[in-house]
Amino acid sequence: EVEIAIKVVVVGNGAVGKSSMIQRYCKGIFTKDYKKTIGVDFLERQIEVNNEEVRLMLWDTAGQEEFDAITKAYYRGAQACVLAFSVVDRDSFEAIESWKRKVEAEVGEISMVIVQNKIDMIDEACIQPEEAENLAKKLRLRFYNTSVKENINVDEVFRYLTEKYLEK
Ligand code: GDP
Ligand code: MG
């Protein structure tokens, strides 16, 4: 029986791989076709952490990142947050702090993690490794390199967030 359910929001600029990450984690699939997210509020997956069954509800944005139209309803009640950027998108890296502020303005301090996605494209990186590490240090957040495409570190991100949430 699941007694713990956690609402996780995944935020960051458009095209960094948020929808792909949620699909990968909850459905085990990756698709190369860029599809704007429509309709679905969240996907879920159940995991066991510290002998507890936990249900993670991963909320996706409706592809409105660019228009700043993400509603309060999306953040409401969130208990954990993935701040995502892409290693091949400089703007997405520079937007991380403002995403953090936006989330905290609605829900206060919750468990967060910074994720640099598309690490499979590291050859085309436009962010230096130490820049990402410095940002994580400054914001005092754990930092993960992921490839949703190659399924690298995706499970680890959500496991960490869950453990961090349960610690509180
Ligand atoms: P969102 O706008 O943040 O939801 O981004 P999407 O999930 O729609 O992904 C945008 C594009 O990046 C899609 O074409 C994905 O297939 C691609 N993508 C997502 N994750 C990765 C990754 O880890 N590596 C590579 N090479 N492409 C990715
Ligand atoms: Mg999306």
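No lab work stands behind these numbers, since they all come straight from the coordinates. If you're wondering where the values come from, they're calculated on a predicted model, not measured in any experiment. Note: ideal-geometry Cβ built from the backbone for every residue, glycine included; neighbour counts use all protein chains shown.
Which of the residue pairs Lys27/Lys137; Lys32/Lys72; Lys7/Lys137; Lys32/Lys168; Lys32/Lys164 have a Cα-Cα distance greater than 28 Å in the structure shown? Result: Lys27/Lys137; Lys32/Lys72; Lys32/Lys168; Lys32/Lys164 exceed 28 Å.
Positive-end ranking of Ser86, Gln46, Ile6 along the dipole of the chain, with charges on Cβ about the Cα centre, is headed by Ile6.
Taking Cα centre as origin and charging only the Cβ of basic (Lys, Arg, +1) and acidic (Asp, Glu, -1) residues, the dipole magnitude of the chain rounds to 260 debye. Volume per residue for region 82-168 equals 85 cubic angstrom (convex hull of Cα atoms).
Helix 154-167 and the longest principal axis of the C-alpha atoms of the chain enclose an angle of approximately 50°. Taking only the alpha-carbon positions of region 72-119 and ignoring solvent, what does the Debye formula give for the base-10 log of I(q)/I(0) at q = 0.16, 0.21 Å⁻¹? Results for region 72-119 at q = 0.16, 0.21 Å⁻¹ read -0.45, -0.71. For chymotrypsin sites (Phe, Trp or Tyr not before Pro), no site in region 96-168 is both called loop by DSSP and has at most 13 other Cβ atoms within 10 Å. Against the empirical 2.2 N^0.38 Å (N residues), the chain has a Cα radius of gyration ratio of 0.96. Distance from the C-alpha centroid of region 94-158 to that of region 10-30: 13 Å, rounded to the whole angstrom. Label 7 Å along Cα→Cβ of Glu167; region 129-145 residues with amide nitrogen under 19 Å? The answer is 133-145. Look at the alpha carbon pairs under 8 Å that are at least 6 residues apart: their mean separation over the length of the chain gives a relative contact order of 25 percent.
Computed per residue of the chain from DSSP H runs no shorter than four, each worth -39500 (n - 2.57), the mean residue ellipticity at 222 nm is -9500 deg cm²/dmol.
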